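Inspection log for the structure reproduced underneath, given as structure tokens.
None of the figures in this text is laboratory data; all of them are computed from the coordinates on show. Source: prediction; values computed, not measured. Counting neighbours? That spans all protein chains shown, and the Cβs are built from the backbone with ideal geometry, glycine included.
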Amino acid sequence: GMTALLSSCVELEDYQFNVVSRVLEDPVQRYLLADEVGLGKTVEASIIIRQYVIDSRDANVLVIAPPGLVVQWRRELSGRFGMGAHLDSSVFVVSSEDLLEVEQRAREARMLVVDEAHHLSKVADHGGHPLYEVLRSRAVSIERLLLLSGTPVLADTTGFLRMLHLLDPVVFPLTDPEGFEGRVQSRQLIAENVASLAPENVLAMESDLD
């Protein structure tokens, strides 16, 4: 079962188990993993990659990572997750600065994992990140997409929208940033109210329910 699968490759915290389980059980695997730095997004993504490769006869995974993390990704996938035989055959780890190879690999990829995705979503004075435009044209046709972000996404609404646009360009168009800002604010209010509906707060629930 799921527990045996996950425990066979690495020990997980409960929150990591819940994240991995949710993604693996979803027929539409397009997610933004936005845990804080050090909370194991690489582990979560690696397990999802591993299971996809095990389940698929024609697996083709492209992991895009900052130049300084390419070796670390290869070491993790090969060592901790036992995927050394798949590296450079069905799993490719490419530097985010190598636009040519990214573009070539993305044409065949059936799963795309983008590490440090928040860097790609920045809008600079001289224009957006060139890799973002490559991904924007390719991501919609790739079946599985995982974006890993190590910074609080709500702190940068524009960058948050640009990441979500890669996951679903129809639901999150770039043409209505004001509308998206309103959606974020309303959902934040709802989330805070729901979080306050704990049993121990029963005497103070009336205003929250209203």
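Summing +1 for each Lys or Arg and -1 for each Asp or Glu, what net charge is found among the other residues whose Cβ lies under 12 Å from the Cβ of R50?
Combined, the nearby Lys, Arg, Asp and Glu give -2.
Step through the residues of region 94-100 one at a time and calculate ³J(HN,Hα) from phi using the Karplus curve (6.51 cos²θ - 1.76 cosθ + 1.60, θ = phi - 60°), rounding each to whole Hz and writing x for Gly and Pro.
Once θ is set to phi - 60°, the couplings for region 94-100 become 10, 5, 5, 8, 8, 4, 5 Hz.
What's the angle, to the nearest 10 degrees (0 to 90), between helix 41-55's Cα axis and the longest principal axis of the chain?
So the helix axis and the longest Cα principal axis differ by about 60 degrees.
Using a basic spin-label model with each label point 7 Å from the Cα along Cα→Cβ, how many nm lie between R110 and D58?
Reported label-point gap for R110 and D58 is 0.6 nm.
Counting alpha carbon pairs within less than 8 Å and at least 6 residues apart, what relative contact order, in whole percent, applies to region 58-170?
About 27 percent, as a whole number.
Only one of the values [x] 56, 39, 34; [y] 53, 49, 37; [z] 59, 48, 29 was calculated from this structure for Cα extents along the principal axes in Å; name its label.
[z]
Going by amide H atoms built from the backbone, whose H comes under 5 Å of the H on L87, apart from near neighbours?
When sequence neighbours closer than 5 places are left aside, there are no close amide H contacts.
So for the chain, averaging the separation of alpha carbon pairs under 8 Å that are six or more residues apart and normalising by length, what relative contact order in percent results?
Answer for the chain is 21 percent.
Using the charge dipole of the chain (Lys, Arg: +1 at Cβ; Asp, Glu: -1 at Cβ; taken about the Cα centre), state which of I47, M83, Q185 has its Cα farthest towards the positive end.
Final value for the positive-end residue is M83.
In a GNM of the chain with a 10 Å cut-off on Cα contacts, which of A155, A65, A109 has the highest mean-square fluctuation?
Most flexible of the set in this elastic network: A155.
So what are the ³J(HN,Hα) numbers for region 70-80, from phi and the Karplus equation (6.51, -1.76, 1.60; θ = phi - 60°), rounded to whole Hz, Gly and Pro as x?
Listing the rounded values in order: 4, 5, 5, 4, 5, 5, 5, 4, 6, x, 5 Hz.
Taking the Cα atoms only, what angle lies between the long axis of helix 157-167 and the longest principal axis of the chain, rounded to 10 degrees?
Rounded to the nearest ten degrees, it is 50.
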